[in-house]
Amino acid sequence: MARWLEYESRNTFLHKRLHALSKMALMLSILIVSGFWWDPRYLIGLALPLVVLVYVSKIPLTWFRVVLLAMVTAWYPVTLAAMGQTDPGIYKVLDPQWATTPILVYDFPIAGTLGVTPGGLLWMAAVEIRTMLMASYMFVFIYTTSMAQVTDTLLALKVPNPVVFVIAIVYRLIPDLSRVVENILSAQRLRGWKLAHWNPIKMVRRAVPLMNPLMRRVAIMVEQMTLATQVRGFGAGRPTPTQEIHLKGIDYIVIGIGVVLLLFALVGMFAWKLGQI
Amino acid sequence: MALVEARDYSFRYLRGKEPALKNITLDIQAGTVVGLVGKAGAGKTTFLKALMGILPHIEPGYAEGDLVVAGMPIRDHDPSEMSRLVSIVLETPEVQIFSLTVKDDIAFGPANLGFPREEIWARVNYAIQEADLHGFEDRNPNNLSGGEQQSLAVAGALAMRPQLLAMDEPVSMLDPLGKERVMGIMERVSKSGATTIVSESGADIEAIAEKVDRVVALHEGRILFDGGPDSLADPRMEEIGVGRPQVSEVFDRLRQGGVRVASIPTTLSAAEEGVRRLLGDRKIQTVSIPPEYRDGRGQRTFGDVIVEVTDLRHVFTPNIHALRGVSFQIRSGEIVGVIGQNGSGKTTMARHLVGLLKPTGKTSKVTVLGGDVSRLKMRDIIRKINYVFQNADDQIFANTIREEVAFAPEMMEVPKDEADALVKEALETFHLDGHEDDYTLSLPEDLKTYLSIASIYPLKPQILIIDEPTTGLDTHGERTMMDSLCRLRDAGHTLVIITHNMKTVAQYCDRAIVMSQGQILMDGAVREIYSQPQRLLEADLRPPQVTRLCQDLRDLGFPDDVLTVDEMARLLLHNLQPGR
């Protein structure tokens with residue numbers, strides 16, 4: 001069973017038939033394009049291939065709970081930021097006056113009087129959808145691409161060793177961290193601990209039994225991992241990629257789709273304000 | 001020239017008050033298998049790290065004297081350079097497994113050394129063959145058993161084609177067949193000409209005894225003695241807290257009982273030969289069994305059923321059946337040992353008992369002290385039954401021992417006077433009084449384990465589940481820990497111990513539950529379980545050395561269910577003592 005953010009060797013199209021380089025190219029294009037676009041309709045369009053990829057890759061749907069949690073948690077600051085989008089200059093397609101006219105005004109304790117505008121609402125929707133898209137595409141990539149495939153590809157692309165090393169460490173560390181967090185939460189719950197409290201100061205204090213062991217364990221894990229890599233010769237010289245890059249027809253098609261999408265988004269954005277609000 | 005030459009080598013860690021190694025002088029010739037024995041903190045790991053150049057290049061400190069490996073002074077060469085000559089296998093396999101498929105992980109080392117691709121895959125194939133990992137090439141290491149994971153770690157080391165293979169307690173976390181698997185690899189490697197140094201602090205001294213051809217005993221950073229494999233039977237092994245192989249202890253008892261014993265064996269085969277010779281000299285063809293040779297465990301009575309598990313099932317996403325219909329009962333006052341290979345479902349089962357997991361089976365039910373765990377609140381469950389995790393670092397967060405122990409009463413909003421009394425009692429019960437104000441960060445392994453149990457104790461759960469209470473402890477530490485747990489049992493607690501240590505179960509448990517592939521394979525008195533070695537093998541388990549000795553001597557009338565050194569010694573003395 002794969003832990004959260006851990007590659008799992010499975011017999012799917014994305015696991016077995018698509019090279020890491022093509023997946024990198026496609027994901028990178030989509031992530032860049034999702035950064036260009038502010039119109040939620042276009043961003044939802046990017047979610048359609050995602051649904052297909054999630055289905056094809058057989059990624060555990062429980063992974064996406066974290067995305068939902070992040071979107072819900074980020075709702076309040078995102079809403080506040082959305083209320084701040086009152087500069088008419090940022091709206092390229094919408095009528096600036098309509099986009100910045102408040103439809104609801106509220107007096108906040110510290111931030112002062114803020115209004116909800118149609119433009120702000122669209123901006124907020126775009127940020128939430130983009131967060132979901134970025135996280136989900138990253139999940140698909142991580143679940144279907146092993147660390148060896150990633151590092152081999154990066155080494156073949158002449159990416160410097162230290163960068164490859166950091167990526168490898170992160171790839172290895174994150175699934176382990178999720179296991180450690182789960183263990184710490186369980187161990188503290190068994191001593192009557194719970195995080196929730198009506199008093200925010202007490203709640204912060206109550207995070208200490210989670211954060212202290214977590215930081216200690218992360219420090220130990222990083223130290224152990226550094227040691228484990230060095231004793232296995234990391235740093236002794238330029239590593240050899242264990243596999244050559246052999247792209248198949250389907251890989252060229254996927255890379256092509258990525259490049260076309262990127263060019264289309266770039267040209268469309270400047271020429272026809274495509275995806276803008 | 002020796003492969004390893006140490007001359008008056010000492011090392012003190014940067015923040016250490018005392019040197020961890022003191023004036024080490026020794027030569028190790030190529031092709032030997034050296035057992036480096038000593039209790040926890042004796043300097044074994046420090047010495048192995050020094051051989052790899054980890055000291056002082058990654059973990060800084062002050063070194064004096066000379067340490068040279070294959071002509072390379074380690075002070076001038078860091079681990080990445082030394083990795084061409086020396087490979088190290090650490091105690092915990094998952095730490096050193098880096099990639100997400102077996103073959104990629106084995107290739108990691110040779111790829112780092114920059115070998116051509118053909119050479120890398122040739123080395124991978126060699127290591128797969130040596131470590132017996134055929135068929136595992138595309139498996140995710142996380143889905144391997146503990147023994148297989150450690151075999152993979154060894155394979156990763158072998159792929160570097162080292163002249164020296166250093167193994168730091170490589171079998172301590174493994175089930176018995178896992179241990180045999182790793183020790184078998186070590187034997188094959190040494191036959192191929194590489195030198196192996198394997199460290200051991202006591203729990204697996206029997207496994208080491210079968211394979212080494214030299215023993216170096218460390219005590220407080222110094223070499224206490226250096227000799228052949230028979231020196232594992234040296235009485236000083238007891239004095240330094242490591243202990244001796246069970247068969248050596250049996251023969252020592254015979255000698256103390258007046259039986260003339262030519263030599264003290266350290267291996268099972270030598271012990272079997274020794275017993276046959278002693279009986280043969282007295283023309284005994286069938287031993288007589290004294291009625292009083294067994295310990296009194298069979299006569300102990302237990303209270304009511306306090307834990308009842310019925311058809312417990314758990315399926316993890318996507319479709320992994322971790323528990324497949326587990327049913328058992330636990331009675332008040334029992335010490336139950338739960339054994340089985342890594343991944344057999346022991347920990348998943350324990351998590352269900354304390355409500356950390358909910359069963360996925362419709363008819364599954366876990367009842368503790370009359371309450372259905374799935375309907376109880378966590379605050380109520382933890383006062384009835386609690387669980388101590390294997391890794392104390394997952395739990396310890398406070399600055400001092402006292403603060404850590406006081407955490408549970410504080411969370412349960414116990415009045416201060418009452419909480420203080422509970423904390424005091426917990427500190428005394430687990431030998432932590434006098435250490436109350438010690439910082440938790442720098443505690444040795446045994447105190448950490450005591451602390452993790454002590455910090456649950458103020459909740460006064462009637463049933464305690466303890467995951468691997470003796471891992472990381474030397475023989476002396478293990479005995480002290482288990483004696484403390486027996487006192488808890490005597491005070492009215494019921495204990496469930498999850499362990500890999502077959503000797504601990506034989507010595508201390510009333511009952512054993514053997515798990516395999518998410519099911520209970522056997523459940524009964526330890527004596528009854530250990531007398532069925534063939535069924536135990538189905539769960540990758542073997543009885544302890546002394547039980548196996550009796551089973552090998554079955555043709556002479558020895559019973560199958562001898563559990564401890566005491567029992568075996570009584571049985572043999574009854575037949576061999578002068579005047580009989």
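Screening B:Leu488 on (1) surrounded by 22 or more Cβ atoms within 10 Å (Cβ to Cβ); (2) assigned to a helix (DSSP H, G or I) shows it passes everything except condition (1). Annotation for segment B:39-50: no member residue is in contact (Cβ under 8 Å) with a residue 40 or more places away in the chain and more than 30 Å from B:Thr480 (Cβ to Cβ).
Out of the residues in segment B:122-135 that are assigned to a helix (DSSP H, G or I) and charged (D, E, K, R), state the one that is farthest from the other protein chains (Cβ to nearest Cβ). This residue is B:Glu130. With respect to the conditions (1) surrounded by fewer than 18 Cβ atoms within 10 Å (Cβ to Cβ); (2) over 29 Å from B:Leu576 (Cβ atoms); (3) modelled with pLDDT under 95; (4) not polar (S, T, N, Q), B:His500 lacks only one, and its number is (1).
The residue list A:Val218, A:Val181, A:Val231 contains one member that is within 12 Å of another protein chain (Cβ to nearest Cβ), at pLDDT 85 or above and touching a Pro at 6+ places or on another chain (Cβ under 6 Å), which is A:Val231. For segment B:28-51, the condition holds for at least one residue, the condition being that it is in contact with a Leu (Cβ under 8 Å, 6 or more places away or on another chain), at pLDDT below 90 and crowded, with 17+ Cβ neighbours inside 10 Å. Entry remark, segment B:54-86: residues being facing chain A (nearest Cβ under 9 Å) and under 21 Å from B:Arg161 (Cα atoms) number 9 in total.
Only one of the numbered conditions (1) at the interface with chain A (Cβ under 8 Å from one of its Cβ atoms); (2) in a loop (DSSP other than H, G, I, E, B); (3) in contact (Cβ under 8 Å) with a residue 12 or more places away in the chain is not met by B:Glu91, and that is (1).
Annotation note: Cβ proximity below 8 Å between a residue of segment A:4-19 that is within 9 Å of another protein chain (Cβ to nearest Cβ) and a residue that is modelled with pLDDT of 85 or more and in a loop (DSSP other than H, G, I, E, B) (sequence gap 6+ or interchain) occurs for A:Tyr7/A:Thr145; A:Tyr7/A:Ser146; A:Ser9/A:Ser146. Screening the candidates B:Glu59, B:Glu64 for the property of being under 27 Å from the mean Cα position of the chain (by Cα) and over 30 Å from B:Arg188 (Cβ atoms) yields one hit, B:Glu59. Basic (Lys, Arg), more than 19 Å from B:Arg244 (Cα to Cα) and assigned to a helix (DSSP H, G or I): is that true of B:Arg548 in this structure? In short, no. The conditions of being touching a residue at least 12 places away in the same chain (Cβ under 8 Å) and out of contact with any Lys or Arg (no Cβ under 6 Å at 6 or more places or on another chain) are met by B:Ala419. Of the residues screened, A:Ala187 is not one that is away from every other protein chain (no Cβ under 14 Å) and either touching a residue at least 60 places away in the same chain (Cβ under 8 Å) or part of a helix (DSSP H, G or I) (or both).
Would you confirm whether or not segment B:295-308 contains a residue that is assigned to a loop (DSSP other than H, G, I, E, B) and under 30 Å from A:Glu8 (Cα atoms)? Scanning segment B:295-308, I find no residue that is assigned to a loop (DSSP other than H, G, I, E, B) and under 30 Å from A:Glu8 (Cα atoms), so the answer is no. Considering segment B:136-172, the residues that are away from every other protein chain (no Cβ under 14 Å) and surrounded by fewer than 20 Cβ atoms within 10 Å (Cβ to Cβ) include one that is nearest to B:Thr195 (Cα to Cα), namely B:Gln163.
Here is a yes/no grid of residues against (1) closer than 15 Å to A:Phe264 by Cα; (2) surrounded by fewer than 16 Cβ atoms within 10 Å (Cβ to Cβ):
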| residue | (1), (2) |
| --- | --- |
| A:Met27 | no, no |
| A:Gly35 | yes, yes |
| A:Pro40 | no, no |
| A:Leu46 | yes, no |
| A:Val54 | no, no |
| A:Ser57 | no, no |
| A:Leu61 | no, yes |
| A:Leu68 | no, yes |
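For segment A:190-200, the criterion of being more than 7 Å from every other protein chain (Cβ to nearest Cβ) and in a helix (DSSP H, G or I) is met by at least one residue. If you take the residues in segment B:215-254 that are in contact with a helix residue (DSSP H, G or I) (Cβ under 7 Å, 6 or more places away or on another chain) and charged (D, E, K, R), which one is farthest from B:Lys179 (Cα to Cα)? The qualifying residue farthest from B:Lys179 (Cα to Cα) is B:Arg253.
Scanning segment B:96-121 for residues that are among the small types (Gly, Ala, Ser), modelled with pLDDT of 90 or more and either part of a loop (DSSP other than H, G, I, E, B) or under 19 Å from A:Gln224 (Cβ atoms) (or both) gives B:Gly109, B:Gly114.
So, of the residues in segment A:91-134 that are part of a loop (DSSP other than H, G, I, E, B) and in contact with a helix residue (DSSP H, G or I) (Cβ under 8 Å, 6 or more places away or on another chain), which turns out to be modelled with the lowest pLDDT? This residue is A:Ala111.
Just one of the numbered conditions (1) in contact (Cβ under 8 Å) with a residue 24 or more places away in the chain; (2) more than 9 Å from every other protein chain (Cβ to nearest Cβ); (3) farther than 30 Å from A:Leu43 by Cβ is not true of A:Asp251: (3).
When restricted to residues that are surrounded by 19 or more Cβ atoms within 10 Å (Cβ to Cβ) and over 21 Å from B:Leu21 (Cα atoms), segment B:220-230 contains 1.
The set of residues in segment A:236-253 that are closer than 24 Å to B:Gly53 by Cα and buried (at least 17 other Cβ atoms within 10 Å of the Cβ) comprises A:Ala236, A:Pro239, A:Thr240. Screening B:Gly114, B:Gly109 for residues that are without any contact (Cβ under 8 Å) to a residue 12 or more places away in the chain and either at the interface with chain A (Cβ under 8 Å from one of its Cβ atoms) or among the hydroxyl-bearing types (Ser, Thr, Tyr) (or both) leaves exactly one candidate, B:Gly114. Please work out if A:Leu210 is assigned to a helix (DSSP H, G or I), over 26 Å from the mean Cα position of the chain (by Cα) and either within 14 Å of chain B (Cβ to nearest Cβ) or touching a residue at least 60 places away in the same chain (Cβ under 8 Å) (or both). Considered against the rule, which asks whether it is assigned to a helix (DSSP H, G or I), over 26 Å from the mean Cα position of the chain (by Cα) and either within 14 Å of chain B (Cβ to nearest Cβ) or touching a residue at least 60 places away in the same chain (Cβ under 8 Å) (or both), A:Leu210 comes out as no. Among the residues of segment B:337-348, some residue qualifies, meaning at least one is within 11 Å of chain A (Cβ to nearest Cβ) and in contact (Cβ under 8 Å) with a residue 24 or more places away in the chain.
The values are calculated or read from the model by the stated rules, or taken from the named source; none is laboratory data. None of the values given here were measured: they were computed from a predicted structure. Don't worry about glycine lacking a Cβ; one is built from the backbone with ideal geometry, like all the others, and counts go over all protein chains shown.
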